[in-house]
Amino acid sequence: MNVDVHYATPEHAKYAQAICELIESAAKARGTGIAKRDPKYIEKKINNGEAVIALSDKGDLAGFVYIETWQNKEYLANSGLVVHPDFRNLGLAKKIKLKVLKLSKEKFPGTKIFGITTSLAVLKINYELGYRPVTFSELTTDTEFWNGCRSCPNYDILERNERRNCLCTGMLLHEASNKFVIKEKGIIAKRFQRLANFKNQRKQKKK
């Protein structure tokens, strides 16, 4: 089955409800509550040309992600990245991420592109695309962004640490890596493994 990754256009707004359901189910599977979205908000992102959608040749929803800006467009995050279970293990998440990064730069040149995640799979993809782990102090201070973490079961950790750190890893895209070319794979793999081990140690301490 073929899957194509598209810049979302108004004709894709009909997928908004299915996208929200997919994002929510993925969040439940991960054990986080951050991901519940409003279909009207997703429709708005699609209609504004601030989203990327992956569809099978039969028109089935395969994946999605959208763009959000913070702090007067100084910072930008690619949010709601999700791949339908039927289309996983095909490298689709990376293709979607590449597409949305290109779109992000076209629509919002000069912004600082960042993300936070507990997913080791997303961490690996981000690292390969040029993101590097950073402290939360290097991310947006926009209260609206951090309020989006309130539905996460780990929010008390974030609050207790005064937004300095949590179980999520903060990552910032480095301008030197903006060609998104994977280089020095062996070095990257070793660095990622160290990061993965560190994340696992933090989770064990939490338990």
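Values quoted throughout were computed directly from the atomic coordinates according to the rules given, and no laboratory measurement underlies them. Keep in mind it's a predicted model, so treat the numbers as computed, not measured. Ideal geometry is used to build each Cβ from the backbone, glycine not excepted, and the neighbour counts take in all protein chains shown.
Under 15 Å from a point placed 7 Å out from the Cα of Lys40 along the Cα-to-Cβ direction: which residues of the stretch 63-91 have their backbone N that close? Zone members listed by number: none at all. Counting 0.36 nm for each residue step from Arg88 to Arg150 and taking away their Cα separation leaves a gain of 19.5 nm.
Quote the FRET efficiency, to the nearest 0.05, computed for Leu98 versus Asn48 with a Förster distance R0 of 35 Å and r equal to the Cβ-Cβ distance.
Plugging the Cβ-Cβ distance into 1/(1 + (r/R0)^6) gives 0.95.
Extending 7 Å from the Cα toward the beta-carbon at both Val134 and Lys58 defines two label points whose distance is 4.3 nm.
Multiplying the sequence separation of Ala29 and Asn72 by 0.36 nm and subtracting their Cα-Cα distance, what value in nm do you get?
12.2 nm
On full extension, the segment bounded by Asp142 and His6 gains 46.0 nm, given 0.36 nm per residue less the C-alpha separation. Projected onto their three principal axes, the Cα atoms of the stretch 25-76 cover extents of 39, 29, 18 Å, largest first.
How big is the convex hull of the Cα atoms of the stretch 34-183, per residue, in Å³? Please report the intermediate quantities before stating the final value.
On the way: hull volume 18.6 nm³, N = 150.
Residue-normalised Cα hull volume stands at 124 Å³.
Sorting the segments 139-148, 19-28, 155-164 by their residues' average number of neighbouring beta-carbon atoms within 10 angstrom, most packed first, yields 19-28, 139-148, 155-164.
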